[in-house]
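Worksheet for the structure shown next.
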Amino acid sequence: MKNKMELKFAATLENESLARSSVSIFIAPLNPTLEEIGEIKTIVSEAVSNAIIHGYNFDDEKYVTLKCELNGNLLSIVVIDYGKGIKDVEEAKTPHYSTRPDLERAGMGMTIMETLSDYFEVVSVYGMGSKIIIKKELQHVDSYEGETI
Amino acid sequence: MENKIRISPFEDGLLIKFSGDLDSSKTLLYRNRIQKEMIKSAPRFLLFDLKDCSFIDSAGIGLILGRFNEIEKVNGACGFLNLSSYARKIIKISGLLSIMKEYQSLGSFKKEMGVIL
Ligand SMILES: Nc1ncnc2c1ncn2[C@@H]1O[C@H](COP(=O)(O)OP(=O)(O)OP(=O)(O)O)[C@@H](O)[C@H]1O
Ligand SMILES: [Mg+2]
């Protein structure tokens, strides 16, 4: 199975569910388990909510880009914002580290994404924006793949 | 499924049931709802039921952790009901399962907390 998609949407929290539903529909042909779908939706939401809350500080005039690619059973997810950027990526990845405790953020988004994915990379330039790259192998591959005419 | 919160009081606590998606677009609203109830009934126990919760991420973790911190101040305790293997995984990664336990039922939670009269 090979496929690609790209989605661009306004930086508002209402679009979080749009983003994660799109990805779950995108991977549906692979017959993922409920657990896999849940994990992928959580990964997408973490990356997208970070872009909206921290990258753009809720400015809904700005856009978040979500790209997905399927290569066999390997799913790649890229989430991009051209917002604030991250000064110290290693610090940002530290469990419980959050710059918005006022919003009752637990500082666990990065940790959750990293734990749930097989590959996790944060590329960020302070003042320019951030790009989150995630790869996750899906276990449940359609066994009849390749027999299509 | 509709995104909803339902809060029902029991003896010394509140049973808090989330339905649908528990994400950033809901958590601040839910925090206000729970805090309002907490002011009203001053509970020592919170039990979070995730049976109909189809989605959770760090926003939900922050909401639950925030209430845990408030309950800790009154020497109370919090627990979980009906975790799917997916929800359990997210909650475990976030460290919440080391401070809050999972229970089989409201009855077993009450029993362990000694709130049954
Ligand atoms: N896209 C981004 N742009 C700018 N800063 C970011 C971005 N993503 C993360 N950060 C910074 O990294 C910190 C940690 O991110 P993480 O997702 O782990 O926690 P959080 O979003 O603060 O809380 P939680 O995800 O638990 O609700 C954030 O508080 C923020 O300062
Ligand atoms: Mg986050």
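The values are calculated or read from the model by the stated rules, or taken from the named source; none is laboratory data. Please read these numbers as outputs of a predicted model, since none were measured by experiment. FYI the Cβ positions are ideal-geometry reconstructions off the backbone, even for glycines, and counts take in every protein chain you see. With ligands, DNA and RNA removed, areas are computed over all heavy atoms of the protein, side chains included. Shrake-Rupley method; radii C 1.70, N 1.55, O 1.52, S 1.80 Å.
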Of the criteria (1) open to solvent by 10 Å² or more (accessible area, probe 1.4 Å); (2) modelled with pLDDT of 95 or more; (3) more than 14 Å from chain A (Cβ to nearest Cβ), which one residue B:11 fails: (2)
Residues of region B:67-103 satisfying the condition of being open to solvent by 10 Å² or more (accessible area, probe 1.4 Å), out of contact with any Cys (no Cβ under 6 Å at 6 or more places or on another chain), assigned to a helix (DSSP H, G or I) and not β-branched (Val, Ile, Thr): B:69, B:70, B:72, B:73, B:85, B:86, B:88, B:89, B:92, B:97, B:98
Contacts under 9 angstrom Cβ, first residue in region A:42-58 being closer than 18 Å to residue A:128 by Cβ, partner in a helix (DSSP H, G or I) and not aliphatic (A, V, I, L, M), 6 or more apart: A:47/A:109; A:50/A:109; A:52/A:15; A:52/A:16; A:52/B:24; A:53/B:24
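Each row is one residue, and each column tells you yes or no for (1) more than 9 Å from ligand 1 (Cβ to nearest atom); (2) buried (at least 18 other Cβ atoms within 10 Å of the Cβ); (3) within 17 Å of residue B:25 (Cα to Cα).
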| residue | (1), (2), (3) |
| --- | --- |
| A:46 | no, yes, yes |
| A:59 | yes, no, yes |
| A:65 | yes, no, no |
| A:71 | yes, no, no |
| A:77 | yes, yes, no |
| A:102 | yes, no, yes |
| A:118 | yes, no, no |
| A:125 | yes, no, no |
| A:137 | yes, no, no |
Test for residue A:33: is it surrounded by fewer than 21 Cβ atoms within 10 Å (Cβ to Cβ), among the hydroxyl-bearing types (Ser, Thr, Tyr) and free of Cβ contacts under 8 Å to residues at least 60 places away in the same chain: no
Scan of region B:72-90 for residues that are closer than 16 Å to residue A:34 by Cα and hydrophobic (A, V, I, L, M, F, W, C), ordered by number: B:83, B:87, B:90
Any hit, region B:46-56, residues being within 16 Å of ligand 2 (Cβ to nearest atom) and under 23 Å from residue A:48 (Cβ atoms): yes
Pair list, Cβ < 7 Å and 6+ apart or interchain, from region A:84-112 residues that are acidic (Asp, Glu) to residues that are part of a helix (DSSP H, G or I) and within 7 Å of ligand 1 (Cβ to nearest atom): A:104/B:62
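Looking at residue A:122, is it away from chain B (no Cβ under 14 Å), within 12 Å of ligand 2 (Cβ to nearest atom) and aliphatic (A, V, I, L, M)? Lay out the reasoning, then the answer.
Details: away from chain B (no Cβ under 14 Å): yes; within 12 Å of ligand 2 (Cβ to nearest atom): yes; aliphatic (A, V, I, L, M): yes.
Against the criterion (away from chain B (no Cβ under 14 Å), within 12 Å of ligand 2 (Cβ to nearest atom) and aliphatic (A, V, I, L, M)), residue A:122 qualifies.
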Region B:50-66, subset closer than 22 Å to residue B:108 by Cα and open to solvent by less than 10 Å² (accessible area, probe 1.4 Å), residue nearest to the other protein chains (Cβ to nearest Cβ): B:64
Any hit, region B:73-94, residues being free of Cβ contacts under 8 Å to residues at least 12 places away in the same chain, within 14 Å of chain A (Cβ to nearest Cβ), touching a Ser or Thr at 6+ places or on another chain (Cβ under 7 Å) and within 16 Å of ligand 1 (Cβ to nearest atom): yes
Scan of region B:95-106 for residues that are away from chain A (no Cβ under 14 Å) and among the small types (Gly, Ala, Ser), ordered by number: B:105
Residues of region B:19-42 classified as surrounded by fewer than 16 Cβ atoms within 10 Å (Cβ to Cβ) and among the β-branched types (Val, Ile, Thr), total: 1
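Has region B:25-36 got any residue that is over 16 Å from residue B:85 (Cα atoms) and in a strand (DSSP E or B)?
So the first thing to find is which residues in region B:25-36 are over 16 Å from residue B:85 (Cα atoms), and the list is B:25-36.
If we keep only those that are in a strand (DSSP E or B) as well, we get none.
No.
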